[in-house]
Amino acid sequence: MRVALAICAFMALGAPSIADDYPSRPVRLVLGFTAGGPTDIPARFLAERLSVALGKPVVVENKPGAGAMLAALDVLSRPRDGHDLLLCTYFDAVNTLLYRNVKYKLSDIVGISLIAKYSYAVAVSNVIPAQSLRELIDYTKANPNRVNYGHPGAGSTQNLLAKKLEKLTGMKMTAIPYKGTPEAMQEVIAGRTHVMISPPLAVVPLYETRQVKVLAVTGAERMASMPHIPTLNESGIPLAAYAWLGVCAGAGTPASVVDMLNSRVGEIVSSADYRALVERSGSVAVSSTPQAFQEVIEQTANDAAPIFREFGVQLD
């Protein structure tokens, strides 16, 4: 028995780690939204720095559609060896609840690291005369069925926040879905879409150039990039919400690869350049252990389930 144990121990010590041979080819970072949006910009920064850190190209691929589910299905259909990664968001945590015929389980996704968190901004077209959230509420009530809002898909945080806002205030707006935030915000600028609850990365530059108005933010605290914009709570609405971004892989990806990627991603997220990129636009750079991120993913799904039931949100 001692001889057998000694041989096993020798083999374990002498065997190379799977991570020693990783990556053996270019790595894909797939995201379920269009180029230029609030997920795309940090993803491309991350890919550029990961390319250097890993010694192999890391290529961003945009696969919008079905509430980001096409991107998840793409990654999960590939060998789970760390060469196909997912820039994951709230959608990836809730799509198994949202879609009746989803082809994967939440347990098929494994978190590697968070990379950012942010609250949302309530952006309003300049064609709407309201200068505060209370004025928007009053204007909407005075003009029933004439105010609409954009969102990136049924069941999205923005869609549910708008529904919550309507329920809490008595507002009635018409929902207009878009493939991504950039397209929706262009419609807000043009005045064809009136309201958009949007990630700050897409709003702050437009707000600074006065192409849109921002009437409130959804966090518990004001954004550093727009310090004079009140929170929903300060505006008399007892509602708060945040979002997150992270890097995920398919369950079954070797632990040594997950740990190595977690370390590399953490180094990038903690860099001054990355922090400046996301904080300039109202987000906060944050990394995590794989275990802590997995808990965030699971808690997001648990929190969304009763809201989906409340509003009867489910898709085929």
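In the chain, the longest principal axis of the Cα atoms and the axis of helix 181-190 are about 20 degrees apart. Sequence-ordered 3J(HN,Hα) estimates for the stretch 72-78 from the Karplus curve with 6.51, -1.76 and 1.60 and θ = phi - 60° stand at 4, 4, 4, 5, 6, 7, 9 Hz, glycine and proline given as x.
Remark: the stretch 158-245 projects, on average over all directions, an area of 5.9 nm² (convex hull of Cα atoms). If R0 is taken as 22 Å, the Cβ-Cβ distance between Ala240 and Asn148 corresponds to a FRET efficiency of 0.35.
In angstrom, the C-alpha Rg and Dmax of the stretch 101-183 are 16.2, 48.
If the viscosity is 1.002 mPa s and the temperature 20 °C, what translational diffusion coefficient in µm²/s does Stokes-Einstein give for the stretch 162-316 when Rh comes from Kirkwood over Cα pairs? Rounded, D is 118 µm²/s. Among the protein heavy atoms, those of His228 account for about 110 Å² of accessible surface (1.4 Å probe, every chain in place). Classify the stretch 24-121: rounded, prolate or oblate, from the alpha-carbon gyration tensor (a ≥ b ≥ c, eigenvalue square roots; a/c under 1.5 rounded; otherwise prolate if a/b is larger than b/c)? Verdict is oblate for the stretch 24-121.
Mind counting lysine pairs for me in the chain? Cα separation below 20 Å, and the two need to be 8 or more apart along the chain or on different chains. Lysine pair count for the chain: 12. Between Thr209 and Lys56, the simple spin-label model (points 7 angstrom out along Cα→Cβ) gives 3.9 nm. Note on Asn101 and Glu298: the model spin-label points, each 7 Å out from Cα along the C-beta direction, lie 3.1 nm apart.
Per-residue accessible area (protein heavy atoms, 1.4 Å probe) orders Thr209, Thr231 as Thr209, Thr231, starting from the largest. Averaging 1/r over every pair of different alpha carbons in the stretch 261-316 and inverting the result gives a Kirkwood radius of 13.7 Å. In percent, how large is the relative contact order of the stretch 200-316, given Cα pairs closer than 8 Å and 6 or more residues apart? Over the stretch 200-316, the number comes to 23 percent. Ligands, DNA and RNA are left out, and with a 1.4 angstrom probe the accessible area of the chain is 45 Å² per residue.
Across the chain, the volume of the C-alpha convex hull divided among the residues equals 143 Å³ per residue.
Shown for the stretch 91-231 is the translational diffusion coefficient from the Stokes-Einstein equation, using the Kirkwood radius over Cα pairs, a temperature of 37 °C and a viscosity of 0.692 mPa s: 206 µm²/s.
Taking all C-alpha pairs of the stretch 177-216, those more than 13 Å from each other amount to 44 percent. The order of Asp74, Asp259 by accessible area, most exposed first and with a 1.4 Å probe, is Asp259, Asp74. Diffusion of the stretch 87-132 by Stokes-Einstein, at 4 °C in a medium of 1.567 mPa s and with Rh set to the Kirkwood radius over alpha-carbon pairs, works out to 92 µm²/s.
Computed in the context of the full set of protein chains, the accessible area of the stretch 157-316 at 1.4 Å probe radius has 52% of its extent on carbon or sulfur.
When each of the peptides 141-148, 192-199, 56-63, 21-28 is scored by the mean number of other C-beta atoms lying within 10 Å of its residues, the order from highest to lowest reads 192-199, 56-63, 21-28, 141-148. Heavy-atom accessible area, probed at 1.4 angstrom with all protein chains present, ranks Arg134, Arg309, Arg49 as Arg309, Arg134, Arg49, highest first. Split the accessible area of the stretch 25-95 by element, probe 1.4 Å, and carbon with sulfur accounts for 59%.
Place a label point 7 angstrom from the Cα of Ala251 along the Cα-to-Cβ direction, then list the residues of the stretch 86-107 whose backbone nitrogen is under 12 Å away. Those under the cut-off are 104-107.
The values are calculated or read from the model by the stated rules, or taken from the named source; none is laboratory data. Remember, it's a predicted structure, so these values are computed and weren't measured experimentally. Cβ atoms come from the backbone with ideal geometry, glycine included; neighbour counts cover every protein chain shown. Each accessible area value is taken on the protein alone, full model and side chains, heavy atoms only, with ligands, DNA and RNA left out. Shrake-Rupley method; radii C 1.70, N 1.55, O 1.52, S 1.80 Å.
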